Amino acid sequence: MKIRFWGVRGSIPCPGKHTQKYGGNSACIELRVGEDDRLIIIDAGSGIRELGTSLLGTDLPKGPIDTQIFLSHTHWDHIMGFPYFTPIYIPGTKLKVYGPVTFEDDPLEDVVGGQMKYRYFPVNMGELASDIEYIRLKETPAIDLGRGLNLVTKLLNHPITALGYRFEFEGKKVCTCYDTEPFRNLFITDPDHLDYDEAMAYEGEEVANEQNQAIEDFYRDADLLIHDAQYTADEYQANRIGWGHSSFEYVVEAANRAGVKKLALFHHDPDRTDDQIDEMAKMYCETGKSGDTEVFFAREGMELKL
């Protein structure tokens, strides 16, 4: 299994002189599986534009592009690059787009394709030359993707429905866990509060702990975990609780507890400069500081082989 990062930012693309090292494109990951280099794409943020250009030189000469895109969720920073993915304009391209949707009445095709209307974009979905199929996903313990590749999906904690993905192939596991933040007790926990209910407070704490443990179990012993880590613990606690993103400290500790081999910190805040990430790497990525887990910040263009 081989991985290449084409976009590692969260919320919005942020190109510029202060983001050149780690990259300014929003989420897109290329996964290659097996000896035939089967292509899997995870998310269609702005990084997918450059991936599409690359495929014209690497894959298209071998024949029509036939691939699958797995969307973690449908917030705009994770789908905005889709209209600029060149293969969708090429006859013969076959594409399956998988992902969750939040509202029952909105099919995935309308959510992703809705940005390709004349009021927003010069090409309508109906004018595309490729063959595109949309497949809605929910939390599922086992999906056979064929040719030895298996998938497990896990519901995450985000303001809209978001899924984590675990791709398994020949004993190797690659997991994505973004956008998400730790589950927390939503009930009043202060005994002095007029509306405090001891039973509800206890149950809320139990449920939050169970859900957080379920996510750790989902990526347990992963060879590579790509995890949302947009904030420091201080930033998160100050005013970002409920935004659907995690802190470096929580992620590193959880990955270590779960026996993760490699942890890629992902979904960098758009205001985070290269220099700031370099300084944070000294804090969070020191060898041995996180047990046996190797911790690093994902960087656009970075390639990994498992």
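Each reported figure results from applying straightforward, stated rules to the coordinates on display, with no laboratory input. Quantities reported herein were computed from a predicted structural model and do not represent experimental measurements. Positions of Cβ are generated from backbone atoms using ideal geometry, with glycine treated the same way; all protein chains shown enter the neighbour counts.
When only alpha carbons are used to place a centre, segment 280-306 and segment 53-104 end up 28 Å from one another.
Helix-only arithmetic for the chain: the sum of -39500 (n - 2.57) across DSSP H runs with n ≥ 4, divided by the residue total, places the mean residue ellipticity at 222 nm at -6500 deg cm²/dmol. Close amide H pairs (under 5 Å, H built 1.01 Å from N) link V295 with L263, residues at least 5 positions away or on another chain. When peptides 5-14, 210-219, 43-52 are ranked by their average number of other Cβ atoms within 10 Å per residue, the highest-first order is 43-52, 5-14, 210-219. Normalised Debye scattering of segment 2-305 at q = 0.07, 0.13, 0.15 Å⁻¹ gives log10 I(q)/I(0) of -0.27, -0.93, -1.22, counting only Cα atoms as equal scatterers and leaving out solvent.
Between helix 248-257 and the chain there is an angle of about 90 degrees, using the helix long axis and the longest principal axis of the Cα atoms. Taking label points 7 Å from Cα along the Cα-to-Cβ direction, D292 and E235 give a separation of 3.1 nm.
For the pairs K138/K289; K96/K262; K21/K154; K96/K138, flag any whose C-alpha to C-alpha distance is greater than 27 Å. From K138/K289; K96/K262; K21/K154; K96/K138, over 27 Å: K138/K289; K96/K262; K21/K154. By the count of other C-beta atoms within 10 Å, a proxy for reagent exposure, Y98, Y134 are ordered fewest to most as Y134, Y98. Ranking of V252, V123, V152 by neighbouring Cβ atoms within 10 Å, starting from the fewest: V123, V152, V252. Of the residues P83, L137, I12, the one whose Cα sits farthest towards the positive end of the charge dipole of the chain is P83 (charges of +1 on Lys and Arg Cβ, -1 on Asp and Glu Cβ, taken about the Cα centre). Considering only alpha-carbon pairs that sit under 8 angstrom and 6 or more positions apart, the relative contact order computed for segment 1-76 is 28 percent. Where a ≥ b ≥ c are the square roots of the eigenvalues of the C-alpha gyration tensor, would you call segment 194-306 rounded, which needs a/c under 1.5, or, failing that, prolate if a/b is larger than b/c, or oblate? In terms of gyration-tensor shape, oblate.
Remark on W6: its backbone amide H falls under 5 Å from those of C28, I29, E30, G301, a criterion applied only to residues 5 or more positions apart or on other chains, H modelled at 1.01 Å from N.
Rounded to the nearest 10 degrees, the inclination of helix 274-284 to the longest alpha-carbon principal axis of the chain is 50 degrees. In this Cβ point-charge picture (+1 for Lys and Arg, -1 for Asp and Glu), segment 2-305 has a dipole of about 1540 debye about its Cα centre.
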